[in-house]
Structures are given as structure tokens and as C-alpha cells.
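The values are calculated or read from the model by the stated rules, or taken from the named source; none is laboratory data. Bear in mind the structure is a predicted one, so any value in this text is a computation, not a measurement. Using ideal geometry, Cβ is built from the backbone for each residue, glycine included, and neighbour counts are taken over all protein chains shown.
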Amino acid sequence: MPLLPGHVLISPLKEGLKRLTDLDDQTTADLFILTKKVEKMVCQIYQTNCATVCVQDGEHAGQTVEQKLEDEKNENIPSGLFQKLKYYLKRYWYIAIPVHYVLFACWLVFSIWLFILA
């Protein structure tokens, strides 16, 4: 879960990898190429030209998130539309809330624009 807006966790999808040294060279290269792309997008979204990229490699280095792929694979995702919506909003509220604010801001600007034209 992100600590602040703009925080992103990037992790390889391969199972059983706990440390950076467990990655082969190609996976390491792919991981950092993806990191550069994500950093560029985050900087554009938050209109900045600065970013901190950090690797917390192991518990004593501050790593607080382990890969949760196995847990997510074994999780039962509801089948109904509203149950799925509730499930994903509970899990990914930190994405849904900013999207909600952006949509509200767009609606507000559009409403003001219509009011001015009327």
C-alpha cells in the first residue's frame, strides 16, 4: 500500500525471488527499464522533475513488503459485478480515491463552464 501519493511498488513477477541478488541479469535489466518508465509517468502526473528510486533489499534494509503473488493467486475473487467492485475498491482504495477526485474536479469545471455559457 502506498505511503503517499506517487509511491509505486515495482516487483518482478517471478516466484521465489526475495532479494535483488536472486534476479538474473535480464530480469534485473527489465526491472530497471520498467522503473525508468514508471518514474517518467509519475513525474508527468505529479508535474515534477525529481524522484527518489529506492531498493529496500531485505528486512534489515527496510523492506516491509514481500511479494504477495501466492496470496493473491489463492484468494477467492467474487463472481458478481457488485461484489467484485466492492472487493477491488477495498483492495485498491488508494487508486480509486484519487480517480474519484479527478472525476469530481472535471465534473465541477464542466458544470461551471456550462453555467458561465448559460
Set 20, 3: member being on the phi < 0 side of the Ramachandran plot, at pLDDT 75 or above and among the hydrophobic types (A, V, I, L, M, F, W, C): 20
Any hit, segment 38-55, residues being among the basic types (Lys, Arg), at pLDDT 75 or above and either surrounded by 10 or more Cβ atoms within 10 Å (Cβ to Cβ) or not assigned by TED's automatic domain parsing to the domain that holds residue 5 (or both): yes
Enumeration of residues in segment 70-96 that are over 15 Å from the mean Cα position of the chain (by Cα), at pLDDT below 60 and either within 26 Å of residue 5 (Cβ to Cβ) or loosely packed, with under 10 Cβ neighbours inside 10 Å (or both): 71, 72, 73, 74
All positions within segment 28-62 that are touching a Ser or Thr at 6+ places or on another chain (Cβ under 9 Å) and closer than 11 Å to residue 8 by Cβ: 42, 53
Residue list for segment 10-23, filter: exposed (fewer than 11 other Cβ atoms within 10 Å of the Cβ) and farther than 14 Å from residue 57 by Cβ: 13, 15, 16
